[in-house]
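S.K.: Quick one: the structure is below, questions incoming.
Taken together, the values in this text are just the output of simple stated rules run on the coordinates, not laboratory data. It should be emphasised that the depicted structure is a prediction, and the values quoted were computed from it without experimental measurement. Cβ placement follows ideal geometry from the backbone for every residue including glycine, while neighbour counts extend to all protein chains displayed.
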Amino acid sequence: MLRVCEILQIIYPIVQGGMGNISNAQLTAAVSEAGGLGTIGCGTMTSKEVEHIILETKERTKKKFALNIAIGVSPYTNELIDLAIKHKILVVSLSAGNPAPFIPKLHEHGIKVLALVASVKHALKAEAAGADILVAEGFEAAGINSHLELTTFTLIPQIVANVQVPVLAAGGIGDGKGLAAAFMLGAGGVQIGTRLIATKEAPFHKMYKQSVVEAEDTSTVILGRSIGRTRRVLTNAYAKKIKEREKAGMTLDQYMNWTTEDQHIKGAIEGDMDNGFINSGLIAGLIDDIPSVKELLQSMIVEAEERIQLTADRFREIRGRGK
């Protein structure tokens, strides 16, 4: 935990997940101001669009924040790498592709690299390539997901057992209980995304936030499994349309056309649930309020400490009974 905080220069071992084209300065700055590591997700945005968010974030906070580059998705990866260097971004997280070609250049400029992985094999390759921290994401996570469908609870300890660099747990985490569980599994911190949707600072449509708060355990659905491009979203009218099309048979091109960042923006920003989807992880079923980001992060730390202490007390009691 302390190692993660030292590397990322943060107070709490809590990192914001990249949110693609709905990323914004307001939420990124709020996470960093609250003691975590805010993150700007580049998605498929141009370097000019991302630079605008970077500059606005710098106006909102003097704290460090990260840039997430989906290297297998963005057509502007090299430009975004240069942008991170230009603005002296402390941390860059690389996802959706092989991080190896980009790590040396980032390290040359003193930038720490987080690599998103979904299996032990991927983790070993990313560590060998020089990643400073691994983000191990389970299938519970929101948005574009690994086709391997490994769960956080089983993925984290296996990766931790096979690498030497710190590991952040992601997928299905959004409260102190999840943070405590991540520590018990060997992680040094967590990455969260869906939980931050339902916060006061998040500038997303009220219908998106309300949908997250009202979600139940079975409120998310996996799209694209039949073509090997899985994405976890909240069930809404548009998601149901895609699911029906998938059952009838669809091509990869059709699926990609129906799940563009434009449709994501329609749902998340405009609140158009008939023509847009809204990403969500399974943690939505545990979310029932909309706190400030500061309140959320502080409550996670307090609850995690309480849970760990309570567990230790219970084990002492169990040992006492055995004497």
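S.K.: Report yes if Asp313 is farther than 30 Å from His205 by Cβ, of a type outside the set (Ser, Thr, Tyr) and surrounded by fewer than 17 Cβ atoms within 10 Å (Cβ to Cβ), otherwise no. Explain how you work it out, then say what you get.
M.R.: Values: farther than 30 Å from His205 by Cβ: yes; of a type outside the set (Ser, Thr, Tyr): yes; surrounded by fewer than 17 Cβ atoms within 10 Å (Cβ to Cβ): yes.
Yes: the conditions hold for Asp313.
S.K.: Please determine, by comparing only the residues of region 34-53 that are out of contact with any helix residue (DSSP H, G or I) (no Cβ under 7 Å at 6 or more places or on another chain) and in a helix (DSSP H, G or I), which one is surrounded by the fewest Cβ atoms within 10 Å (Cβ to Cβ). It would help to see each step written out before you state the result.
M.R.: At the first step, the residues of region 34-53 found to be out of contact with any helix residue (DSSP H, G or I) (no Cβ under 7 Å at 6 or more places or on another chain) are 46, 48-49, 52.
Now restrict to residues that are in a helix (DSSP H, G or I): 48-49, 52.
Numbers: Lys48: 10, Glu49: 15, His52: 13.
Once the filter is applied, the top-ranked residue is Lys48.
S.K.: I'd like to check which helices (runs of 4 or more DSSP H) are fully inside region 202-296 and have at least 1 residues that are touching a helix residue (DSSP H, G or I) at 6+ places or on another chain (Cβ under 9 Å) and closer than 22 Å to Ala96 by Cβ.
M.R.: The qualifying helices (runs of 4 or more DSSP H) are 237-248, 252-258, 261-268.
S.K.: If you don't mind, another one. Regarding region 57-68, can at least one residue be identified that is basic (Lys, Arg) and under 30 Å from Met184 (Cα atoms)?
M.R.: So far as region 57-68 goes, yes, one or more of its residues are basic (Lys, Arg) and under 30 Å from Met184 (Cα atoms).
S.K.: Still on this structure, I have one more. Ala118 passes all but one of (1) more than 29 Å from Gly249 (Cβ to Cβ); (2) free of Cβ contacts under 8 Å to residues at least 40 places away in the same chain; which number fails?
M.R.: For Ala118, the exception is condition (1).
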